[in-house]
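The values are calculated or read from the model by the stated rules, or taken from the named source; none is laboratory data. None of these values were measured; they are calculated from a predicted model. Quick reminder, even Gly has a Cβ in these numbers, built from the backbone with ideal geometry, and neighbours come from all protein chains shown. Each accessible area value is taken on the protein alone, full model and side chains, heavy atoms only, with ligands, DNA and RNA left out. Shrake-Rupley method; radii C 1.70, N 1.55, O 1.52, S 1.80 Å.
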Amino acid sequence: MPSIAHLTEEFLRTLPFFWKPLLLTFQLTIASVIVGSIIGLFVALLKVSKLPVARFIANAYIMIIRGTPLVVQIFVLYFGFYKVIDLGQFWSAALALAIHSGAYIAEIFRGSIQSIDKGQMEAGLSLGMSTRQTMRRIILPQAMKRSIPPLGNQFILSLKESSLAAFIAMDELFSLARRLSAETFDEMTYFLIVALYYLVIVMAFTYVVHIMEKRLAKGEA
Amino acid sequence: MEKQREMIRVQNLKKSFGKVEVLKDVTLQVGKGEVVVLIGASGSGKSTLIRCINFLEIKDGGEIYIEGKSIDPKKDLTKVRQKVGMVFQHFNLFPHKTVLENIMEAPLIAKKADKEETKQEALRLLQKVGLSEKADAYPSSLSGGQKQRVAIARSLAMKPEIMLFDEPTSALDPELVGEVLETMKQLAQEGMTMIIVTHEMGFAKEVADWVAFMNQGKIIEMARPQEIFNNPKEERTREFLNRVL
């Protein structure tokens, strides 16, 4: 077990190296959550659709994504599609993460949409608005608001899962920790340091989500 | 009896939920400017009947004519609903929009109406229901009676020819019922065609042109209010009125 003094010393020494990988981890996470939310919204709308075909497609997607490991999904996208289109490391990883979190985000959105009182849809329809207009103008804005806290949790999961991009040799946080360990044979030190990075980010973000939840709770009637 | 221009005709309407037959062969005619109050025990099909007229429930059988035209629920839905306003027991205001935005929403989105004109009209309607000072408030800050009056104004913004009321005062505290009934009475006096499901018998006596008594999915008696309240023809009507009056 490395001493606290050693850990602190190594943490400070390697601080400059972590800057770029940290940024990359953030970029990966943000890209995957944004694209994942778009996918998630689309799939959620398929899931609440009246059309059986739409619901089948949504369910199949969610089943396949939740039923297979993320690292396999990343490899399929990066190595499997390499010959069809070369997405490059970043977008292979970001898209794999997005498609992955999209399945979970779809369930978040579906839950929020279905949690909106059905009187809201009836009110919109009774005023002569179409189902689509009522969905877009009345249901979705309310559902999105309710989705924010669980989306925050999904963001945290995506942040941690982005570490799997190290396996397609992306220079994000975890990848750097692996390289430093390999160079020095001081594995424990660097894995503990990188764990600390993740922990601090997650704690900071958990706090932000908590504040947002409180704010939103105030707005609810 | 003077023959009014026909506004709504419901002919042999049938509706089931699963195995439960909620409407059994309902026939009803409402002339322009008439106020029909539907009374009856809960579960007798009153709400289902008016929800069918607005196509929030799709009929299983029979015909619904609006202004003499048979309505095909596959085609004419949004157009018909723009002509037929609906006020719900639980108001169903849009909580993320202000009072004014609630009223302006449907004209702007469904009719693509001019924004400034819509706003003026919305303000006029708010004044009519006595809530001008609440234009920028959110529904959560209103009392039940105020919410329901906003809901009425919201419906009127689409300039409907017919207004349906589904137990509009049932969710209100007793002291708030009066202000909503007053607004409805005013609307009736202005010549709006209305079908109202309510348990407010005093209001029915005073405002209704016709009172229809529903029992087990059928209208079994429809008459002028003084007749039905003072001298009901049907035994079941009499029993019901004895229980509620």
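Residues in region B:182-203 that are touching an Asp or Glu at 6+ places or on another chain (Cβ under 8 Å) and either on the phi > 0 side of the Ramachandran plot or of a type in the set (D, E, K, R) (or both): B:K185 alone. Just one of the numbered conditions (1) within 14 Å of another protein chain (Cβ to nearest Cβ); (2) at pLDDT 95 or above is not true of B:V36: (1). Of all residues in region B:139-166, those satisfying the criterion of being open to solvent by 50 Å² or more (accessible area, probe 1.4 Å) and either among the polar types (S, T, N, Q) or on the phi > 0 side of the Ramachandran plot (or both) are B:S140, B:S141, B:K159.
Is it true that some residue in region B:145-164 is more than 14 Å from chain A (Cβ to nearest Cβ), out of contact with any Leu (no Cβ under 6 Å at 6 or more places or on another chain) and farther than 25 Å from B:L108 by Cα? No. So for region A:181-188 (the condition being within 15 Å of A:L23 (Cβ to Cβ), assigned to a helix (DSSP H, G or I) and out of contact with any strand residue (DSSP E or B) (no Cβ under 6 Å at 6 or more places or on another chain)), does at least one residue qualify? No, because not a single residue in region A:181-188 is within 15 Å of A:L23 (Cβ to Cβ), assigned to a helix (DSSP H, G or I) and out of contact with any strand residue (DSSP E or B) (no Cβ under 6 Å at 6 or more places or on another chain).
Just checking, which of B:Q82, B:Q89, B:Q120 is within 14 Å of chain A (Cβ to nearest Cβ) and under 25 Å from B:E179 (Cβ atoms)?
B:Q89
Considering each of B:V20, B:V30, B:V87 in turn, give the residue that is out of contact with any strand residue (DSSP E or B) (no Cβ under 8 Å at 6 or more places or on another chain) and either open to solvent by 60 Å² or more (accessible area, probe 1.4 Å) or in contact (Cβ under 8 Å) with a residue 60 or more places away in the chain (or both). Steps first, please.
On the way: B:V30 fails: out of contact with any strand residue (DSSP E or B) (no Cβ under 8 Å at 6 or more places or on another chain); B:V87 fails: out of contact with any strand residue (DSSP E or B) (no Cβ under 8 Å at 6 or more places or on another chain).
Answer to the selection: B:V20.
When A:R136, A:R146 are checked against the criterion of being touching a residue at least 12 places away in the same chain (Cβ under 8 Å), within 26 Å of A:K47 (Cβ to Cβ) and either open to solvent by 60 Å² or more (accessible area, probe 1.4 Å) or touching a Cys at 6+ places or on another chain (Cβ under 9 Å) (or both), a single residue qualifies: A:R146. In the set (1) part of a helix (DSSP H, G or I); (2) open to solvent by less than 60 Å² (accessible area, probe 1.4 Å); (3) in contact with a Phe, Trp or Tyr (Cβ under 9 Å, 6 or more places away or on another chain); (4) modelled with pLDDT of 95 or more, B:R81 fails one condition alone, (4). When the residues of region A:25-67 are filtered to those that are farther than 13 Å from A:Y104 by Cα and of a type in the set (S, T, N, Q), the one that is most open to solvent (accessible area, probe 1.4 Å) is A:Q27. Residues in region B:99-117 that are open to solvent by less than 20 Å² (accessible area, probe 1.4 Å) and within 13 Å of chain A (Cβ to nearest Cβ): B:N102, B:I103, B:M104, B:E105, B:A106, B:P107.
List the residue pairs whose Cβ atoms are under 8 Å apart, where the first residue sits in region B:97-108 and is under 11 Å from B:Y138 (Cβ atoms), the second is assigned to a helix (DSSP H, G or I) and acidic (D, E), and the two are 6 or more positions apart or on different chains. Cβ pairs passing all conditions: B:K97/B:E105.
Within region A:1-24, the residues that satisfy the criterion of being open to solvent by 30 Å² or more (accessible area, probe 1.4 Å), farther than 20 Å from A:A165 by Cα and in contact (Cβ under 8 Å) with a residue 40 or more places away in the chain are A:M1, A:H6, A:L7, A:F11. Among the numbered conditions (1) assigned to a helix (DSSP H, G or I); (2) away from chain B (no Cβ under 14 Å); (3) farther than 28 Å from B:V80 by Cα, the only one that A:S112 does not meet is (2).
Does region B:10-31 include one or more residues that are in contact with a Ser or Thr (Cβ under 7 Å, 6 or more places away or on another chain) and farther than 15 Å from B:I219 by Cβ?
The answer is no; no qualifying residue exists.
Picking from residues in region A:127-136 that are in a helix (DSSP H, G or I) and in contact with a helix residue (DSSP H, G or I) (Cβ under 6 Å, 6 or more places away or on another chain), the one that is nearest to the other protein chains (Cβ to nearest Cβ) is A:Q133. Among the candidates B:D136, B:D209, the residue that is surrounded by fewer than 23 Cβ atoms within 10 Å (Cβ to Cβ) and either more than 22 Å from B:F94 (Cβ to Cβ) or in contact with a Phe, Trp or Tyr (Cβ under 7 Å, 6 or more places away or on another chain) (or both) is uniquely B:D209. Tallying residues that are open to solvent by 20 Å² or more (accessible area, probe 1.4 Å), of a type outside the set (S, T, N, Q) and farther than 23 Å from B:L56 by Cβ within region B:189-206 yields 5.
Listed by position, the helices (runs of 4 or more DSSP H) inside region B:91-179 whose residues that are more than 30 Å from B:E34 (Cβ to Cβ) number at least 2 are B:99-110, B:115-128.
Inside region A:88-106, residues that are open to solvent by 50 Å² or more (accessible area, probe 1.4 Å) and more than 30 Å from A:R132 (Cβ to Cβ) make up a count of 3. For beta carbons closer than 6 Å, sequence separation of 6+ or different chains, a first residue in region B:49-68 that is within 12 Å of another protein chain (Cβ to nearest Cβ) and buried (at least 18 other Cβ atoms within 10 Å of the Cβ) and a second that is modelled with pLDDT of 90 or more and assigned to a loop (DSSP other than H, G, I, E, B), the qualifying pairs are B:R51/B:E57.
State yes or no: is B:P232 open to solvent by less than 20 Å² (accessible area, probe 1.4 Å), over 23 Å from B:L56 (Cβ atoms) and at pLDDT below 95? Don't jump to the end; show me each part of the working.
Working: open to solvent by less than 20 Å² (accessible area, probe 1.4 Å): yes; over 23 Å from B:L56 (Cβ atoms): yes; at pLDDT below 95: yes.
Yes; evaluated as a whole, the condition is true for this residue.
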